[in-house]
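Structure record follows, encoded as structure tokens.
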Amino acid sequence: YQDYPYGVALVVPADWQIGTALKKEGSFYRAESYDHLVDSPLLAGELTYADTLIDDTQVEIYTYSKNGVADSRSLLNAMHGMLAASKAFLKYLPAEHYTFLFHFEPRPPMPTGAWEHSLSSQYVFSENREARDLEGIVHIAAHEFFHIVTPLNLHSEKVEPFNFIKPDPSQHLWFYEGVTEWGSLTLLLRDGKMNLETYLNN
């Protein structure tokens, strides 16, 4: 059933919001295939929300912060220059919409970090550390966002469709991560969001 379409309905408290890149139709979040479904994380809870348009790309931010240390509007304000610099660097953004999912806890129950997906990225950070370092968050988000180039649009046939029964990893990690890191740092440098010393140290 890997190529079958899926519909997912979530039962959550009435005051919760749901953040995801999946499109909602009626009561269901729709995925074109199993690959699409597992590549589309969801964040549910008492979330803050903010959005913006970067050219024709709708960018959404959903944030859970246990003690209200972080919120989506502040994150968007910090990231707006990076998003605009991404568009200037690429000339156009190869996605109609993109979703950032942020989860902040005083002591996260898991390792902190970020993970890219085709049309979204998810972040687990500490309210006591990363939430107070917006510049650091922007640098991490720039990297994850730049993955809309690799591997979203450029990738090995082993990445999509992926064989979940007998995984055969792509040998192109240098491309997916190396080119992404170069691109995300270079766009920040060219737009004045990072100085040359920091760029060269990275």
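The values are calculated or read from the model by the stated rules, or taken from the named source; none is laboratory data. Bear in mind the structure is a predicted one, so any value in this text is a computation, not a measurement. So basically every Cβ, Gly included, is an ideal-geometry build from the backbone, and we count neighbours across all protein chains shown. Remember, those area values only see protein heavy atoms, side chains included, never the ligands or the DNA or RNA. Shrake-Rupley method; radii C 1.70, N 1.55, O 1.52, S 1.80 Å.
Considered as a group, the residues in the stretch 14-72 that are aliphatic (A, V, I, L, M) and more than 17 Å from the chain's Cα centre (by Cα) include one that is nearest to SER120 (Cα to Cα), and that residue is ALA31. Scanning the stretch 57-78 for any residue that is farther than 28 Å from THR186 by Cβ and of a type in the set (A, V, I, L, M, F, W, C) turns up at least one such residue.
When the residues of the stretch 82-93 are filtered to those that are in a loop (DSSP other than H, G, I, E, B) and not hydroxyl-bearing (Ser, Thr, Tyr), which remaining residue is farthest from ILE137 (Cα to Cα)? So the residue we want is LYS91. Of all the criteria given as (1) open to solvent by 70 Å² or more (accessible area, probe 1.4 Å); (2) modelled with pLDDT under 95, the one not satisfied by TRP16 is (2). The residues of the stretch 24-55 that are under 21 Å from LEU83 (Cβ atoms) and touching a strand residue (DSSP E or B) at 6+ places or on another chain (Cβ under 8 Å), listed by number, are SER40, PRO41, LEU43, LEU47, THR48, TYR49, ALA50, ASP51, THR52, LEU53. Within the stretch 112-120, not a single residue is surrounded by 18 or more Cβ atoms within 10 Å (Cβ to Cβ), under 18 Å from the mean Cα position of the chain (by Cα) and assigned to a helix (DSSP H, G or I).
Go through the stretch 22-33 and count every residue that is in a strand (DSSP E or B) and open to solvent by 40 Å² or more (accessible area, probe 1.4 Å). So that I can check it myself, show each step before the final result.
Taking the stretch 22-33 and keeping what is in a strand (DSSP E or B), we get 23-25, 28-31.
Imposing the further condition that a residue be open to solvent by 40 Å² or more (accessible area, probe 1.4 Å) reduces the set to 23-25, 28, 30.
Going through the stretch 22-33 one residue at a time, the tally reaches 5.
Being in a helix (DSSP H, G or I) and either in contact with a Leu (Cβ under 8 Å, 6 or more places away or on another chain) or basic (Lys, Arg) (or both) is the filter here, so list the residues in the stretch 188-200 that pass it.
LEU189, ARG190, LEU196, TYR199
Condition check ((1) open to solvent by 60 Å² or more (accessible area, probe 1.4 Å); (2) within 24 Å of TYR6 (Cα to Cα); (3) assigned to a strand (DSSP E or B)) across all residues:
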position	(1), (2), (3)
ASP35	no, yes, no
THR52	no, no, yes
TYR62	no, yes, yes
HIS80	yes, no, no
ALA95	no, yes, no
TYR98	no, yes, yes
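Out of GLU96, GLU105, GLU144, GLU157, one residue alone is modelled with pLDDT under 90 and either among the acidic types (Asp, Glu) or over 20 Å from LEU43 (Cα atoms) (or both). It is GLU157. Residues being at positive phi and basic (Lys, Arg) are represented in the stretch 89-103 by at least one member. Could we say that PHE164 is farther than 23 Å from TYR62 by Cα, part of a loop (DSSP other than H, G, I, E, B) and either modelled with pLDDT of 90 or more or aromatic (Phe, Trp, Tyr) (or both) here? Judged against the criteria, PHE164 is a match.
Would you call GLY178 open to solvent by less than 50 Å² (accessible area, probe 1.4 Å), without any contact (Cβ under 8 Å) to a residue 40 or more places away in the chain, over 28 Å from TYR49 (Cβ atoms) and not in a loop (DSSP other than H, G, I, E, B)? Yes. Looking only at residues of the stretch 117-136 that are charged (D, E, K, R) and touching a residue at least 40 places away in the same chain (Cβ under 8 Å), we find that the one that is nearest to LEU43 (Cα to Cα) is GLU127.
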